[in-house]
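**Student:** Shown below is the structure under consideration.
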Amino acid sequence: MSGFKDHFSGAAREYAAHRPRYPEALFAELARLAPARQRAWDCATGSGQAALGLAAHFQQVTATDASAQQIARALPHPRVTYRVAPAEASGLPAASVDLVAVAQAAHWFDLPRFYAEANRVLRPGGLVALWGYERLAVAPEVDAVIETFYADALGPYWPPERRHVETAYRELPFPYAELAAPAFGLAAEWDLDALMGYFATWSAVRRCREATGQDPLPRMRERLLAVWGSPGTAKTLKWPLFLRLGRR
């Protein structure tokens, strides 16, 4: 696990509470394309958001993460087995899974080693799915404040790997026969405090706190209040989801 870039263990509680949920249609499509529905590997599961969605369609889901703190926050499910393990060494038997899924995490991996592990554990014809989501949209006046926060206040503190999310993984190597991916999106109804909880999960927020000794979120909340209205008012938030699909 020496190559593990741990940006999220310190925010495991916030991550479990405030990350958006993936659409059910995504998991249904992955199950449709997989050669069978016996076992899926959810690699870098975090606190299990994708694992729970996969469990509705696969008999067994093995959900691994290199962070013990994240695994400790994962919600239990009778068809999900959680285990602390890095992306490059799942501990799964060879040729044992129908799907390898990675949600919002592949940009952190040692990809050659991860792909070697994925190839080892996939059955012939098995499916590989890497996905993530881009910056959220609420309303033009709110989006402008968030963009300034993202690019200016936090710009120096984003890890370099974040650029792969901004380019929707198009620059990541993907050594599989690629399949056309349907368009999906995430959506949530959140008030201002829920949105601030989401910002607390951002790796750049933690890095900013460590570098400056100051928390950028209270000032951000003040700026958002000016365009949000009552902080208890729920607004619709949307994230575009990008997806790369391939078959072994």
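Just so it is clear, none of the values below were taken in a lab; they were calculated from the coordinates. This one's a predicted model, so the numbers in the text were calculated from it and none came from an experiment. Don't worry about glycine lacking a Cβ; one is built from the backbone with ideal geometry, like all the others, and counts go over all protein chains shown.
**Student:** Given the Cα-Cα distance of residue 234 and residue 56 and 0.36 nm per residue of separation, how much length would full extension add, in nm?
**Tutor:** Full extension from residue 234 to residue 56 adds 61.2 nm.
**Student:** Would you mind telling me which residue in 25, 101, 85 has the biggest mean-square fluctuation in a Gaussian network model of the chain, where springs connect alpha carbons within a distance under 10 angstrom?
**Tutor:** So, out of 25, 101, 85, the one fluctuating most is 25.
**Student:** Apply the Karplus curve 6.51 cos²θ - 1.76 cosθ + 1.60, θ = phi - 60°, to the phi angles in segment 133-150 and return the couplings in whole Hz, x for Gly and Pro.
**Tutor:** Values per residue, Gly and Pro as x: 9, 8, 5, 6, 10, 10, 7, x, 5, 6, 4, 5, 5, 5, 4, 5, 4, 5 Hz.
**Student:** I would also like to ask the following. Could you work out how much longer the chain between residue 163 and residue 83 gets when fully extended? Use 0.36 nm per residue separation minus the Cα distance between them, nm to one decimal.
**Tutor:** Result: 25.9 nm gained on full extension.
**Student:** Based on Cα positions only, what radius of gyration and what Dmax would you give for segment 9-247, in angstroms?
**Tutor:** Computed over the Cα atoms of segment 9-247, radius of gyration and Dmax are 18.1, 55 Å.
**Student:** Same structure again: Note the angle between two axes, namely the Cα long axis of helix 217-228 and the longest principal axis of the Cα atoms of the chain, as a number of degrees from 0 to 90, rounded to the nearest 10.
**Tutor:** That works out to roughly 80 degrees.
**Student:** Given a Förster distance of 30 Å, report the FRET efficiency between residue 180 and residue 94 from their Cβ-Cβ distance, rounded to the nearest 0.05.
**Tutor:** The calculated FRET efficiency here is 0.55.
**Student:** Further question on the same structure: If I stretch the segment between residue 17 and residue 33 completely, what's the gain in nm (0.36 nm per residue apart, minus their alpha carbon distance), one decimal?
**Tutor:** 2.7 nm is the gain from fully extending residue 17 to residue 33.
**Student:** Now for a separate question. In segment 149-190, which residues have a backbone nitrogen under 15 Å from the label point lying 7 Å from residue 139's Cα in the Cα-to-Cβ direction?
**Tutor:** Answer for segment 149-190: 189-190.
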